[in-house]
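Encoded as structure tokens, the structure appears first; notes follow it.
What follows draws every value from the coordinates through simple rules; no lab data is involved. The shown structure was predicted, so the numbers you read here are calculated from the model rather than taken from an experiment. Every residue, glycine as well, gets a Cβ built from its backbone with ideal geometry; the counts of neighbours run over all protein chains shown.
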2 protein chains.
Amino acid sequence: MVTTNGNGANGVNGTNGASAAERPSQNPYATVDNFLSNVGRFKIIESTLREGEQFANSFFDTETKIKIAQALDDFGVDYIELTSPAASEQSRLDCEKICALGLKAKILTHVRCHMDDARMACAIPGLSGLDIVIGTSSHLREHSHGKDMDHIRRTAVEVINYVKSQGLEVRFSSEDSFRSNLVDLLTIYHEVDKIGVNRVGIADTVGCASPRQVYDLVRTLRGVVSCDIGKTYSLQPKQCHFHDDTGCATANAFCALEAGATHIDTSVLGIGERNGITPLGGLMARMIVGDRDYVKSKYKLEKLKDIENLVASAVEINVPFNNPITGFCAFTHKAGIHAKAILNNPSTYEILNPSDFGLSRYVHFASRLTGWNAIKSRCEQLGLHMSDIEYKQCTAKVKALADIRKLTLDDTDAIIRNFHKNVTAGADVPLVEGLTQGEKRLLEEEEAVLDQAANKKAKLDSVAAGLPIDAANGV
Amino acid sequence: MVTTNGNGANGVNGTNGASAAERPSQNPYATVDNFLSNVGRFKIIESTLREGEQFANSFFDTETKIKIAQALDDFGVDYIELTSPAASEQSRLDCEKICALGLKAKILTHVRCHMDDARMACAIPGLSGLDIVIGTSSHLREHSHGKDMDHIRRTAVEVINYVKSQGLEVRFSSEDSFRSNLVDLLTIYHEVDKIGVNRVGIADTVGCASPRQVYDLVRTLRGVVSCDIGKTYSLQPKQCHFHDDTGCATANAFCALEAGATHIDTSVLGIGERNGITPLGGLMARMIVGDRDYVKSKYKLEKLKDIENLVASAVEINVPFNNPITGFCAFTHKAGIHAKAILNNPSTYEILNPSDFGLSRYVHFASRLTGWNAIKSRCEQLGLHMSDIEYKQCTAKVKALADIRKLTLDDTDAIIRNFHKNVTAGADVPLVEGLTQGEKRLLEEEEAVLDQAANKKAKLDSVAAGLPIDAANGV
């Protein structure tokens, strides 16, 4: 088994010296500054301790909740959202404990649009605000709470006025916003805006929204609300919450910010109901491409991996192999032409710089897709110097053997060392030990074909416009 | 440990009878038909056996390649893309074998824009076409192949003419399209279009593109190319390839189709270089929301899980916990208000219907976020009937115990059975066995608080506008 991983078990540990700071300006498609976009000034409402508690595997005891809250605070999130104190008595006690920690992040709790819940939340000392939510789509009005829009509006006004009278921040959000009637939505947002709600929220509760729908709805909302008067138009607080059922939660968050949203809900590893929401790490990956300086100045990116491990362990899951940034292969390069360019300049095949996250890149060379630049780089790491022709011959041997069976790093290093010994010291050792008779026969056949092809090519094409040895794919 | 999973280990197996066919028409934000969009007529170029071979863990032997190709063909993909025969001798032999299988899907191979590679590919009997690629960004021109745009254009024309002369389809793609100079891009696409290329491709090789950039570039491209003259304007073949480094690969594919792209590259579980590309399953999740009839008529969705398991096993990874559609919790509902609505009508909190994929939904009830509707549903499954007041009292007990310690399904069923026995048969059995002294004390404290709160509430608010017991979160 080839086990390339973040610990360098099977790869060339490449240079981290890429001048990544130059990348955005080199990108002709970099986000264009415009008066709508908040890509360079977004805030995070971190909901691992609310939405994340709705993940199937979650059971956070008090101690775990406190650890997670402290880690998120240290990372630099702006708000931490907690499960409603009305959910259970322990939920209420945990709210109190986290509010008493004295964190830099503001503490919110997420409650139904209901006076009972609002009263219970407002009684918690140290709480900064309430995120209030009610279903506005016909689906939820019919099958969940059964209330009509008039009732929703009256209740919202009562609850918002109450929370404000208690001196706390209040966010009003519709639920299932993207399947709600647009006129209903705009009407209620206009109404809650008039009475001075601090933020309005839209939520793609079922994960149905597509990026351009999100852009359109958020932009439309701008014309209707003016909460926090005195701020510039594009900074009107609009909080967005995206579920990931159709794989768009990170993209939707980005498009919402482009359209003027200000706050994005996240959870660590995206955990939440069903497949969860915009993941904190995924959002960091997306946003650092949008505005590297802002993201690096505001968040301790090198702590991301630890926070993810903390939460993964608490909910007993593995970090997905393809997790943004911290997946085990996020910075592993394999195809020959990728490896060649990465060794020249990492920004050719990387839009993210692993060192921004305290991580390293790896160039994978133990496969049939490898190229001679990757093998040369590995030889140099091993202190084995040869001519370019010899590196290419050595690469052909690695590729031939990788065709026969899966190579480990040790296998490949052995092939390289033995090839070097044969070439430089006139030895005649076998390149790899323990080949079966069948494997030996396959190898002989393969080498015969290669020799034949090389001779044919030399005849057909005396001008070498490239090196077939390096013809692995890669886009 | 609470182990809710797709096998029903810890949940109420809900009804699958939702009239899902009605959902799109109920959605006021459903994709608007427009003459640009190909959301309802896209094709898949499945690249698990090319891009997927560039995944760090991949080593596909011939037998595995054949199994994967057959499974993809059965699923209904339009094209299967294979590693270049120039990568290694075994790669060439495998191309030949897969072309000889007689699959319905057309077989492509993905080669550098180079005559040597094109000749080698065109010599393979039964191959339908070549996907040709060359780096056009300044990054790749400088650090990878070192060729200027004039050279690229000349080579592209030579290779395309050669492939066409051999009677095969040819796709020309730039690499790193979103960091390429727009004038360079349009110039070369215009040139290859004139000589009759079958498809043009754009590739977000580094995963930097955002959805609205994708929409804009694909739409711009429409004005420049007219390949396959005779087709309607919006059906001009444009193949798109998106890497997932910043979590946008699925969203970008959708936006490309909205802008008039026709073909999307996918791989099973998204495996590929680094964090891979648009996953086949993720694309299915996104597209079924866009055009359910088309997707269901064209692809055998109920085979998705098997294909993913086949590939996951071949590359020795776990299917991510949050994988689109097939993640273990993709259809698990936990919060009380979600569970209540799902039990009434699944489309309230589901945009995807699990039965479309041969899967089931689960309502998780063994947690402090549960609500009385979920508990009532479970009681009915267990054949234990009580009054609504009693279901609510039973729910309060479950929530109180779930505050004290993590509950398994068996724990929760025991609580329900014992509660029912006490209520209906006048028994006085403890609700759950094996509580420690500390846990018993915590439970007594919690129940005292609950009683106090219930009394206080009864005094304050004689009109019950809702049930605090059901106050779990959920957006």
(request) Report, for A:H151, each distance to the same residue's label point in the other copies, shortest first and in nm; define the point 7 Å along Cα→Cβ. (result) 7.3
(message) Once R0 is set to 60 Å, what does the formula 1/(1 + (r/R0)^6) return for the Cβ-Cβ distance between B:T187 and B:A453, expressed as a FRET efficiency to the nearest 0.05?
(response) 0.25
(message) For a 27 Å ceiling on Cα separation, which of these pairs sit above it: A:K147/B:K334; A:K106/A:K194; A:K194/A:K298; A:K399/B:K194; B:K298/B:K334; A:K303/B:K440?
(response) A:K194/A:K298; A:K399/B:K194; B:K298/B:K334; A:K303/B:K440
(message) Can you sort A:Y294, A:Y362, A:Y349 from fewest to most other Cβ atoms within 10 Å of each residue's own Cβ?
(response) A:Y294, A:Y362, A:Y349
(request) Sorted from largest down, give the three principal axis spans of the alpha carbons of chain A, whole angstrom values. (result) 89, 45, 40
(message) Based on alpha-carbon centroids, what's the gap between the stretch A:262-290 and the stretch B:56-119 in Å, whole number please?
(response) 36
(message) Give me a comma-separated list of calculated 3J(HN,Hα) values for the stretch B:374-382, in order, Karplus coefficients 6.51, -1.76, 1.60 applied at θ = phi - 60°, integers in Hz, x for any Gly or Pro.
(response) 5, 5, 4, 4, 5, 4, 5, 4, 7
(request) Report the local net charge at A:K421: Lys and Arg +1, Asp and Glu -1, summed over other residues whose C-beta lies under 14 Å from its C-beta. (result) -2
(message) With viscosity set to 1.306 mPa s at 10 °C, what whole-number translational diffusion coefficient in µm²/s follows for the protein assembly as shown from Stokes-Einstein and a Kirkwood radius over Cα pairs?
(response) 55
(request) Please arrange A:R274, B:R153 by counting, for each residue, the other beta carbons lying within 10 Å of its beta carbon, fewest first. (result) B:R153, A:R274
(request) Obtain the nm distance between the two label points defined at B:A123 and A:K104 by a simple spin-label model: each point lies 7 Å from its Cα along the Cα-to-C-beta direction. (result) 6.4
(request) Among the aspartates and glutamates, select those whose C-alpha is under 17 Å from the C-alpha of B:K421, and discard any that sit fewer than 8 residues away in the same chain. (result) B:E380, B:D388, B:E390, B:D410, B:D411, B:D413, B:E433
(request) Using only alpha carbons, build the gyration tensor for the stretch A:283-421 and give me the equivalent ellipsoid semi-axes, biggest first, whole Å. (result) 34, 18, 12
(request) Starting from the Cα coordinates of the stretch A:104-242, work out the convex hull volume and express it per residue in Å³. (result) 112
(request) Per residue of A:348-356, count partner chain C-beta atoms within 10 Å of its C-beta, then hand back the mean as an integer. (result) 6
(message) Cut-off is 10 Å between beta-carbons; in what order do B:E191, B:E273 appear when sorted fewest neighbours first?
(response) B:E191, B:E273
(request) Give the angle, between 0 and 90 degrees and rounded to the nearest 10, that separates the Cα long axis of helix A:249-258 from the longest principal axis of the Cα atoms of chain A. (result) 70
(message) Which three extents, in angstrom, do the Cα atoms of the stretch B:38-123 have along their principal axes, listed largest first?
(response) 38, 28, 27
(message) I want the antiparallel fraction of DSSP beta bridges within the protein assembly as shown, as a percent rounded to 5.
(response) 10
(request) Distance between Cα centroids, the stretch A:155-212 to the stretch A:316-380: provide it in whole Å. (result) 44
